Structures are given as C-alpha cells and as structure tokens.
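Asker: Encoded as structure tokens, here's the structure I'll be asking about.
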Amino acid sequence: QVQLVESGGGLVQPGGSLRLSCTASLRTFSFTNLAWYRQTPGKLRERVATIRSSGSTDYADSVKGRFAISRDNSKNTVFLQINSLKPEDTAVYYCNTELGSLQWGQGTQVTVSS
C-alpha cells in the first residue's frame, strides 16, 4: 500500500515562509501528477498546487505567486515552498496525486499567527 508522509509544517508569523515535504512510496512516482492540498475544519479539502510528470505546474488563485511546488523524482519527494504566509493559510496540508487517488496521509499542520 502506498504511503504518503508529509512534514515541514509548524507555527509561523504572518509574512513568514515554510517548506513542506512529502515522500511517497510510489513505484510510478516519476510518472505521476502530484498535488498539494489543504483543509481547515468544516471545509472541503482544497487543491492548492499541482505538478505534473512533465514538470509543469498549476496553482489555485489564492496562492498564486506565493506558493511553489517542486519535485525530486530521485527521492520520491514533492515539495511546497510557502512564502508570504497569511493567517488564512492556516490548515493541514496534504499531498496526493492530482486526482487524490491515494490513501491520504496524516498531513502536516501549518499555523500562521502572530
């Protein structure tokens, strides 16, 4: 069974930065379109960034210009660089395929507060 392990979250002040990591035990990692999602209590999970096997990326309008997704296929790892953090970015962040087809990991909590 594929495991997704997210890390890198924490408590950060507004305007700060974090780099999230997600490692996937996925044999076809390099051929798989991947994404970062986030969820706050009472809300649906939102996809915020996508990176395809080609390396092309897409972002939700709410994070465009502040978030950057990247991948290291040699380490089966996808990253999310988050800059200029805002309180509304507070959420649990998850990685998964572009379609959310894998069993979700535990996520990593990002809290933006002064």
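Asker: Among Thr108, Thr97, which is open to solvent by less than 30 Å² (accessible area, probe 1.4 Å), modelled with pLDDT of 95 or more and out of contact with any Gly (no Cβ under 8 Å at 6 or more places or on another chain)?
Answerer: Thr97
Asker: Across the range 34-55, what is the total count of residues that are polar (S, T, N, Q), over 20 Å from Ile82 (Cβ atoms) and out of contact with any helix residue (DSSP H, G or I) (no Cβ under 7 Å at 6 or more places or on another chain)? Quick ask: steps written out before the conclusion?
Answerer: Pass one, the range 34-55, residues polar (S, T, N, Q): 39-40, 50, 53-54.
Add one more test, that the residue is over 20 Å from Ile82 (Cβ atoms), and what stays is 53-54.
Pick out the ones that are also out of contact with any helix residue (DSSP H, G or I) (no Cβ under 7 Å at 6 or more places or on another chain) and you get 54.
So the count comes out to 1.
Asker: Inspect the range 13-20 for any residue being part of a strand (DSSP E or B), among the polar types (S, T, N, Q) and at pLDDT 95 or above and give the result as yes or no.
Answerer: No, the range 13-20 has no match at all.
Asker: Give the residue that is least open to solvent (accessible area, probe 1.4 Å), with candidates limited to residues of the range 57-94 that are within 17 Å of Thr28 (Cα to Cα) and among the small types (Gly, Ala, Ser).
Answerer: Looking at residues that are within 17 Å of Thr28 (Cα to Cα) and among the small types (Gly, Ala, Ser), I get Ser70.
Asker: Same structure, new question: If we scan the range 55-69, do we find a residue that is touching an Asp or Glu at 6+ places or on another chain (Cβ under 7 Å) and either farther than 23 Å from Ser114 by Cβ or not β-branched (Val, Ile, Thr) (or both)? Explain how you work it out, then say what you get.
Answerer: Going through the range 55-69, the residues touching an Asp or Glu at 6+ places or on another chain (Cβ under 7 Å) turn out to be 60.
The next check asks that each one be either farther than 23 Å from Ser114 by Cβ or not β-branched (Val, Ile, Thr) (or both); those that pass are 60.
Looking through the range 55-69, at least one residue is touching an Asp or Glu at 6+ places or on another chain (Cβ under 7 Å) and either farther than 23 Å from Ser114 by Cβ or not β-branched (Val, Ile, Thr) (or both).
Asker: Would you be able to tell me the number of residues in the range 1-56 that are surrounded by 16 or more Cβ atoms within 10 Å (Cβ to Cβ), of a type in the set (Gly, Ala, Ser) and closer than 17 Å to Gly100 by Cβ?
Answerer: Selection size over the range 1-56: 3.
The values are calculated or read from the model by the stated rules, or taken from the named source; none is laboratory data. Owing to the predicted nature of the structure, the values given are computational and were not obtained by experimental measurement. Quick reminder, even Gly has a Cβ in these numbers, built from the backbone with ideal geometry, and neighbours come from all protein chains shown. The accessibility values were calculated without ligands, DNA or RNA, using every heavy atom of the protein model including side chains. Shrake-Rupley method; radii C 1.70, N 1.55, O 1.52, S 1.80 Å.
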